[in-house]
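Values in this text are rule-based calculations from the coordinates and carry no lab data. Model, not experiment: these values are computed from the prediction. Here the Cβ is made from the backbone with ideal geometry for all residues, glycine too, and neighbour counts use every protein chain on show.
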Amino acid sequence: MSGFLPLLGPDDPMPYRITKATAEGPFVLVSDHAGRAVPQCLGRLGVSEAEWDRHIAWDIGIHGVGIELSRLLGSVLVEQVYSRLVIDSNRAPGHPTSIPAISDRTEIEGNRALSSVCRARREREILHPYHDRIAEILRERSGPTALIALHSFTPTMNGMARPWHVGILHHRDTRSAHIMLDLLRQEGDLCVGDNEPYVLTATSDYTVPYHAERANLPYLEIEIRQDLIEDEAGQQSWAQRLARLLPLYWSAISQGQ
Ligand SMILES: [Zn+2]
């Protein structure tokens, strides 16, 4: 009857962490891969401790960027606390890579041959509460809103070095993306990826299609290369850069340029 036992115990954290807004403003910041917690009953998923420091477990550096950006803008920040190896909050429920059995060549023992009951429990206790909280925050807002999804990417994948410092991923809201791409290019010191290192689609991603595209909200999905935000100095510097550029993006969008 283990199917009826809860996944999260009394010592496990809530699936989301909110940093409250301290100012009026259009931005709702979300960070799907900010955390790498694992529910105690899953026993580290059979994955060695060294692997938990890798990008497969979380978006390295993005928590520090998000917290500082939230402080500088006064914007609310919603972060997923659990590792994407437990369940990926940027994948629709049931997506083939939602609960990966292998990630960047590492086998995730605890995800192999997972029963539908175990899948449903991770969706119910980790994925849905996080997205329900974001939906609630969006619903309660009165002013105009842009959803800003924060991510970081590994500098090399499958032996290939990735040249971009930062990428903007987009699908339907190309207008927002192009404004931000221009602002980033004007910085002069950045290699900027347009839908790099990933292309945003309605099925590859979940957070932006589900919360922003469905509701016709403007959005940006921002990817920062992990080696630039490994330490606190890098995180602060990227937060400061984004805190300077995001209001410029918003004023361009609002003026209908
Ligand atoms: Zn991510």
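Key figures
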item	result
Three-way shape label, region 59-138, alpha-carbon gyration tensor, a/c 1.5	oblate
Whole-Hz couplings from phi, Karplus 6.51/-1.76/1.60, listed for region 80-92; x for Gly and Pro	7, 8, 8, 4, 5, 6, 6, 6, 8, 6, 9, 10, 5
Region 16-218 - Rg over Rh from alpha carbon coordinates, Kirkwood radius	0.96
Relative packing of 236-246, 88-98, which averages over residues the other C-beta atoms within 10 Å, highest first	236-246, 88-98
³J(HN,Hα), Karplus 6.51/-1.76/1.60, whole Hz, each residue of region 127-140, x for Gly, Pro	5, 5, x, 5, 6, 5, 5, 4, 4, 5, 4, 5, 5, 7
Val117/Thr203 FRET efficiency (R0 25 Å; Cβ-Cβ; nearest 0.05)	0.50
Using θ = phi - 60° and Karplus 6.51 cos²θ - 1.76 cosθ + 1.60, couplings along region 141-146 (whole Hz; Gly, Pro as x)	6, 9, x, x, 9, 10
Protection proxy ranking of 27-34, 65-72 - average other beta-carbon atoms within 10 Å, highest first	27-34, 65-72
Fewest-first ranking of Arg54, Arg105, Arg84, using other Cβ atoms within 10 Å as the exposure measure	Arg105, Arg54, Arg84
Helical mean residue ellipticity (222 nm; -39500 (n - 2.57) per DSSP H run of 4+; nearest 500) of the chain	-8500 deg cm²/dmol
Dipole magnitude of the chain about its Cα centre (Cβ charges: Lys, Arg +1; Asp, Glu -1), debye to nearest 20	580
Residue among Thr106, Ile60, Tyr206 farthest towards the positive dipole end of the chain, charges placed on Cβ	Tyr206
Length released on extending from Arg185 to Ala215, taking residue separation times 0.36 nm less the Cα-Cα span	7.9 nm
